[in-house]
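Working notes for the structure below.
The values are calculated or read from the model by the stated rules, or taken from the named source; none is laboratory data. All of these numbers come straight from a predicted model, not from anything done at the bench. So basically every Cβ, Gly included, is an ideal-geometry build from the backbone, and we count neighbours across all protein chains shown. Quick note on the areas: whole protein, heavy atoms, side chains included, nothing else; ligands and nucleic acids left out. Shrake-Rupley method; radii C 1.70, N 1.55, O 1.52, S 1.80 Å.
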Amino acid sequence: MKINDFKNAAAMQFFPTLVWRQELPPARAEAANNRLLAAIDKQLTPRPAQTAGVGWQTAQDLHLQPAFADLAKVIVEAGEAALKSIEAEHNGLTITGCWANVNPPEARHRAHTHPNNFLSGVYYVRAPQGGNHISFTDPRVQCAVMQPRYRKDNVLNASVINLEVADGVMILFPSWLQHDVRRNASNEERVTIAFNLMLNDYIETISPPIWTPSGT
Ligand SMILES: [Fe+2]
């Protein structure tokens, strides 16, 4: 028997970690982002004092404010599309928090997750070159126990994915997925709007047991 005797060799990918990306066309993004930026500036005027290299965050209820209503609608639709892509049955999604981050040059955000939500995401209002990335860490921590030397990095062997983004891009990911934002290496502010989404009927419909008791 030789290896060439085998047919249909294939690497199968199980238990994928899905990160969804969508992007407004540049012409649409520019107009929308200018409006969002003005609304964010209003939130942060006057800007509270802050340490150099550390960013500002707005209140967490932007989704309830008229200036962000269009974005809130798109966020829910993007979340529903993500649920559809994994065949999830649900009775809608609710934004449980939505806030803007304004990060000056050198600002970064340490690794974290967004507990108690199903999906989280970020929309990029201003993603200047050098500040236009978000990094995701491999949730399979045991993979770090043994690491061959790889000739070339790719999505199959990476332990961290440093994803490039741009103005008008929206990224959605599972809320449990650890992520961080590296230093803003540009000379401009990075402005993002982050959000969390939760399944509407988690307690009522999803949490109860789905098995039939044997004694009935
Ligand atoms: Fe985050």
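So here's what we get for this one:
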| quantity | calculated |
| --- | --- |
| Test: residue in region 33-49 that is open to solvent by less than 70 Å² (accessible area, probe 1.4 Å), more than 26 Å from Glu188 (Cα to Cα) and over 19 Å from the mean Cα position of the chain (by Cα) | no |
| Top-ranked residue of region 150-175 - restricted to ones that are under 13 Å from the mean Cα position of the chain (by Cα) and among the β-branched types (Val, Ile, Thr), ranked as surrounded by the fewest Cβ atoms within 10 Å (Cβ to Cβ) | Ile161 |
| Residues of region 35-54 satisfying the condition of being within 24 Å of Leu163 (Cα to Cα) and at pLDDT 95 or above | Leu36, Leu37 |
| Test: residue in region 73-95 that is within 16 Å of the ligand (Cβ to nearest atom), assigned to a strand (DSSP E or B) and touching a residue at least 24 places away in the same chain (Cβ under 8 Å) | yes |
| Subset of region 181-197 [open to solvent by less than 30 Å² (accessible area, probe 1.4 Å) and either in contact with a Phe, Trp or Tyr (Cβ under 8 Å, 6 or more places away or on another chain) or away from the ligand (no atom under 13 Å from the Cβ) (or both)] | Asn184, Ser186, Arg190, Val191, Thr192, Ile193, Ala194, Phe195, Leu197 |
| Criterion (open to solvent by 20 Å² or more (accessible area, probe 1.4 Å) and within 13 Å of the ligand (Cβ to nearest atom)) met by exactly one of Gln129, Gln178, Gln147 | Gln178 |
| Members of region 105-141 that are more than 24 Å from Val160 (Cβ to Cβ) and part of a loop (DSSP other than H, G, I, E, B) | Asn116 |
